[in-house]
Amino acid sequence: MTVTLTEEQIDELGRELDAIRQRVVEDLGEDDRRYIYNVIKAQRAFEAGGRASLMLSALPPFWLLGTAALSLSKILDNMEIGHNVMHGQYDWMRDPALASKKFEWDTACPADQWRHSHNYMHHTYTNIVDKDRDIGYGILRMDPSQKWNPYYLGNPVWAFLLMTLFEYGVALHDLETENIISGKRKMSENRDLLRGIRRKVGRQVLKDYVLFPLLTGPQFVSTLTANATANLVRNLWAYSIIFCGHFPTGVATFTEEETENESRGQWYIRQMMGSANITGGNLFHIMSGNLSHQIEHHLFPDLPARRYREIAPDVRALCEKYGLPYNTGRFSKQIGSTWAKIFKLALPNRGGDTAPTPAVTVVPGLRDAA
Amino acid sequence: MDRYLELINPMLTVRELRAEVTRVERSTADSVTLTLRPTRQWRGFQAGQYVELSVDIDGVRRSRCFSPCCSQHRADGRIELTVKAHPEGLVSQWLYANAAPGLVVGLSQAGGNFHLPTPRPERILLISGGSGITPVLSMLRTLVDEGYRGELVFLHYSFTEADVAHLAELRDLAATHGNVRLVLAYTRQTEGGDLHGLFEETHLADSAPWYAEAQTYLCGPPGLMATIRAHYAAKGIEDALHTEEFTLPVFTPADGDATGQVRFGDTVVENSGATLLEQAEAAGLTPEYGCRMGICFTCTKVKTSGCTRNVRTGDLNRDPDTEVQLCISAPVGDVAIDI
């Protein structure tokens with residue numbers, strides 16, 4: 001679909017969104033601090049409890065309990081804590097323990113590389129084909145304007161592999177492997193990145209697959225399978241939530257040409273139209289790191305994520321006012337349409353190559369006429 | 001690691017230095033004296049030095065410097081801070097209203113060059129004004145604990161007698177130690193005390209006639225410090241004067257002005273009014289950056305001093321040693337960035 005707006009309307013929308021942000025910024029305080037520390041406490045308790053329970057991992061009930069607690073710990077650590085803290089959502093607290101630049105998380109991807117590929121590249125150039133490498137992560141065909149080739153016949157297989165090995169997929173993301181194959185990037189540019197990845201992956205493997213299993217003595221194998229399962233559960237969950245954020249049916253993509261010289265209002269519109277929400281209860285939102293409010297997150301990546309829920313009605317009302325779509329739905333619907341897209345795009349487009357349809361047509365308004 | 005131990009007890013830390021408030025006294029109407037028990041990382045201090053204390057106020061970590069006023073030889077290793085609730089002091093007001101035994105605060109190791117030399121000078125003049133009493137009181141208590149035999153004068157300026165923190169103890173020290181003389185100067189009270197009115201040269205001659213041959217340690221409000229400094233300079237004895245600035249000048253920017261200098265590490269440029277990132281680049285520096293619109297936090301650097309304005313929200317940030325996003329922060333007056 002294409003929405004037609006005048007420049008004045010877009011500027012006005014930008015101002016209205018700025019006002020929403022300002023309202024939240026002025027209200028930040030003790031409650032937000034208490035909230036994130038409660039989440040951290042819960043995560044620490046799950047981790048300590050899980051690891052303790054796995055000291056008896058040879059007994060199935062303890063294996064199950066420990067694996068579940070550790071899975072929850074890793075999900076909370078990666079999503080509601082790690083992802084959000086590294087976005088600078090809590091930098092206003094000036095608390096060194098929650099400073100975006102110093103935070104490290106329990107996953108294979110080094111935090112500094114994540115901050116580059118995600119906070120900068122993905123959040124600035126959201127859904128611009130050929131610029132936002134989160135469109136298919138360099139290995140999947142997630143948009144009809146990506147040129148088809150026979151490699152993409154394996155699209156569902158590659159997606160399945162990415163899902164199960166998600167933390168390693170994320171870890172290798174900043175290497176831009178697809179650009180090395182196409183010759184746009186030199187292998188030497190990756191030397192430092194590779195060193196960082198090796199160090200981080202090594203540490204993670206040592207922790208989950210050597211040290212903690214060894215600590216449980218003869219139960220080495222059962223603890224190792226428990227840790228591997230916890231990592232897998234986290235991978236499946238993180239992949240699913242993240243794919244629901246940008247790939248369900250109806251999410252728009254953009255070309256480099258149409259996004260050149262974007263105004264703040266246009267940037268906001270791209271963020272809204274390039275993202276999709278998932279409906280759900282309180283616990284679901286927390287476990288998704290509030291990325292179930294991907295639209296609000298992309299508008300204001302640096303606001304504490306617990307605030308997205310409270311501003312969502314206002315954002316949605318603005319979308320209605322300007323005739324913009326607000327993509328939201330149940331988890332099953334969003335993940336279903338994402339997988340449908342993965343299968344559909346394994347095959348070439350029926351009508352040949354297509355460019356993305358412009359999501360918004362900007363028409364000159366009164367300002368230009370005057 | 002400290003985040004895990006916190007679950008059990010916030011005072012159980014591996015790396016972080018913290019302190020627990022163990023005692024709270026309100027010695028004057030607008031000040032509060034806290035006794036702190038530091039965690040085991042505390043390396044002690046020298047009388048006259050300061051520590052940085054951090055508390056969370058409305059969710060934001062705020063840090064301010066305070067000078068311990070106890071003896072550096074205190075047997076139980078605790079430190080005592082007297083905090084005056086300044087009308088515009090966010091942290092001091094908060095501590096005055098909220099400090100209670102059991103409160104755990106962030107603490108830094110002691111710092112600063114304002115301390116006594118070893119061996120101790122033969123004659124010492126300690127001068128303080130208002131809440132500047134704390135570092136010199138620490139010096140006095142330390143010298144007494146060391147059994148100091150030299151001549152020692154403690155000259156303190158306050159509005160009235162009721163504003164003198166630790167008055168009873170000061171009188172007691174002077175009464176029980178023949179070499180210690182307490183001189184109280186009141187600027188808004190004409191009776192009692194030893195001297196009245198603002199500082200005059202005769203105050204020095206009256207209380208410590210030998211001051212030109214002694215070492216003087218001075219801490220107080222900017223006006224008092226400037227007058228005394230000028231007097232020592234005029235007499236050519238400024239080397240015998242040691243001072244501690246305990247109030248930072250508060251800068252109030254006018255609208256849209258671009259004044260002062262911006263310091264990026266060793267590079268200094270005239271403030272052009274542009275964002276810090278643009279000014280750094282104009283100066284030939286290449287700080288790391290990303291989105292250039294305030295969302296990715298790649299360009300975050302530590303502002304060591306000065307005031308910056310967030311160009312998106314208009315908010316001013318006056319606190320030293322805080323992180324700022326270079327791409328959306330413009331300097332207001334002199335600013336120093338650690339690049």
Margin query: Test of understanding: in a Gaussian network model of chain B with alpha carbons linked when under 10 Å, which of B:Leu277, B:Leu137, B:Leu198 would top the mean-square fluctuation ranking?
Written below: B:Leu277
Notebook entry, point to check: If one computes P(r) from the Cα atoms of chain B, what percent of pairs lie at distances over 33 Å?
Noted result: 38
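Counting only other residues whose beta carbon sits under 14 Å from that of A:Leu214, what net charge do I get with K and R as +1, D and E as -1?
Details: positive: A:Arg51, A:Lys207; negative: A:Asp208.
In short, +1.
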Check: For the stretch B:157-168, what does the Karplus curve 6.51 cos²θ - 1.76 cosθ + 1.60, with θ = phi - 60°, yield as ³J(HN,Hα) per residue in whole Hz, taken in order and with x for Gly and Pro?
Finding: 9, 8, 4, 9, 4, 5, 8, 7, 6, 6, 4, 4
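Starting from the residue with the highest accessible area, list A:Met163, B:Met139 in decreasing order, probe 1.4 Å. Each step should come with its number before you reach the end.
Details: A:Met163 25, B:Met139 0 Å².
Largest accessible area first, the residues go A:Met163, B:Met139.
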Check: What Cys residues in chain B have no fellow cysteine's beta-carbon under 4.7 angstrom?
Finding: B:Cys65, B:Cys69, B:Cys70, B:Cys219, B:Cys299, B:Cys307, B:Cys327
Checklist line | In the stretch B:180-223, the GluC sites (Glu not before Pro) that fall in loop regions by DSSP, at most 10 other Cβ within 10 Å | finding: B:Glu191
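I want the local charge near A:Val251. Using Cβ-Cβ distances under 10 Å, sum +1 for each Lys or Arg and -1 for each Asp or Glu among the other residues. Let's see the in-between values first.
Values: positive: A:Lys341; negative: A:Asp143.
Neighbourhood net charge equals 0.
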Next item on the list: Scan chain B and report its longest stretch carrying no trypsin sites (Lys or Arg not before Pro) that are both in a DSSP loop and have at most 11 other Cβ atoms within 10 Å.
Entry: B:189-339
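As a check on your grasp of the helix formula, calculate [θ] at 222 nm for chain A: sum -39500 (n - 2.57) over DSSP H runs of n ≥ 4, divide by the residue count, round to the nearest 500.
Values: 16 runs with 189 residues, N = 370.
Only helices count here, giving -16000 deg cm²/dmol.
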Next item on the list: Mind computing the radius of gyration and Dmax over the alpha-carbon atoms of the protein assembly as shown? Å is fine for both.
Entry: 31.2, 103
Next item on the list: Return the percentage of antiparallel bridges among DSSP beta bridges fully within the protein assembly as shown, rounded to the nearest 5 %.
Entry: 55
Check: Which angle between 0 and 90 degrees, to the nearest 10, do you get for helix B:222-234 versus the longest principal axis of chain B when only C-alpha atoms count?
Finding: 70
Next item on the list: Specify whether the C-alpha gyration tensor of the stretch B:261-338 places it in the rounded, prolate or oblate class, a ≥ b ≥ c being the square roots of the eigenvalues: rounded for a/c under 1.5, otherwise prolate if a/b is larger than b/c and oblate if not.
Entry: rounded
Item checked: Long-range amide H partners of B:Leu218 with built H, under 5 Å -> B:Ile127, B:His242, B:Thr243, B:Glu244
Notebook entry, point to check: Going by accessible area, probe 1.4 Å, with all protein chains left in place, what is the ranking of A:Ser182, A:Ser240, largest first?
Noted result: A:Ser182, A:Ser240
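As a quick test, which of the pairs A:Lys102/B:Lys303; A:Lys41/B:Lys303; A:Lys147/A:Lys184; A:Lys41/A:Lys207; A:Lys131/A:Lys321; A:Lys102/A:Lys207 have an alpha carbon distance above 19 angstrom in this structure? Mind showing how you got there, number by number?
Values: A:Lys102/B:Lys303 16 Å; A:Lys41/B:Lys303 31 Å; A:Lys147/A:Lys184 17 Å; A:Lys41/A:Lys207 21 Å; A:Lys131/A:Lys321 30 Å; A:Lys102/A:Lys207 21 Å.
As for pairs spanning more than 19 Å Cα to Cα, those are A:Lys41/B:Lys303; A:Lys41/A:Lys207; A:Lys131/A:Lys321; A:Lys102/A:Lys207.
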Checklist line | Set of lysines near A:Lys333 by C-alpha distance (under 25 Å), chain-local residues within fewer than 8 positions excluded | finding: A:Lys341, A:Lys344
Notebook entry, point to check: Considering chain B as a Gaussian network with a 10 Å cut-off on Cα pairs, which listed residue, B:Ala230, B:Ala282, B:Ala99, attains the greatest mean-square fluctuation?
Noted result: B:Ala282
Check: Relative to the present Cα-Cα distance, how much length would full extension add between B:Arg26 and B:Thr286 at 0.36 nm per residue of separation?
Finding: 88.5 nm
Notebook entry, point to check: Among the trypsin sites (Lys or Arg not before Pro) within the stretch A:215-314, which fall in a DSSP loop and have no more than 12 other Cβ atoms within 10 Å of their own Cβ?
Noted result: none
Next item on the list: Please identify, among B:Asp194, B:Asp266, B:Asp30, the residue showing maximal mean-square fluctuation in a Gaussian network model of chain B using a 10 angstrom Cα cutoff.
Entry: B:Asp266
Notebook entry, point to check: Counting every Cα pair in chain A, what percent are over 38 Å apart?
Noted result: 20
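For the interface of chains B and A, what total accessible area is buried with a 1.4 Å probe, rounded to the nearest 100 Å²? Write out the running numbers ahead of the final one.
Details: alone 16930 and 17140 Å², together 31410 Å².
Roughly 2600 Å².
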Notebook entry, point to check: By the gyration tensor of its Cα atoms, with a ≥ b ≥ c the square roots of the eigenvalues, what is the shape of the stretch A:277-344: rounded for a/c under 1.5, prolate for a/b over b/c, or oblate?
Noted result: oblate
Next item on the list: Calculate for chain B the 222 nm mean residue ellipticity that helices alone would give, adding -39,500 (n - 2.57) per DSSP H run of length 4 or more and normalising by residue count, nearest 500 deg cm²/dmol.
Entry: -5000 deg cm²/dmol
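Only sites in a loop by DSSP and with at most 13 other Cβ atoms within 10 Å count here; which GluC sites (Glu not before Pro) in the stretch A:239-283 make the cut?
Values: sites: A:Glu256, A:Glu257, A:Glu258, A:Glu260, A:Glu262; in loops: A:Glu256, A:Glu260, A:Glu262.
Here the sparse-neighbourhood loop sites are A:Glu256, A:Glu260.
Just to be sure I understand: if I project the alpha-carbon convex hull of the stretch B:123-244 onto a plane and average over all orientations, what area do I get in nm²? Can you show the working numbers first?
On the way: hull surface 27.1 nm².
With the hull built on Cα positions only, its mean projection is 6.8 nm².
The values are calculated or read from the model by the stated rules, or taken from the named source; none is laboratory data. None of the values given here were measured: they were computed from a predicted structure. So basically every Cβ, Gly included, is an ideal-geometry build from the backbone, and we count neighbours across all protein chains shown. Calculation scope for accessible area: heavy atoms of the full protein, side chains included, ligands and nucleic acids excluded. Shrake-Rupley method; radii C 1.70, N 1.55, O 1.52, S 1.80 Å.
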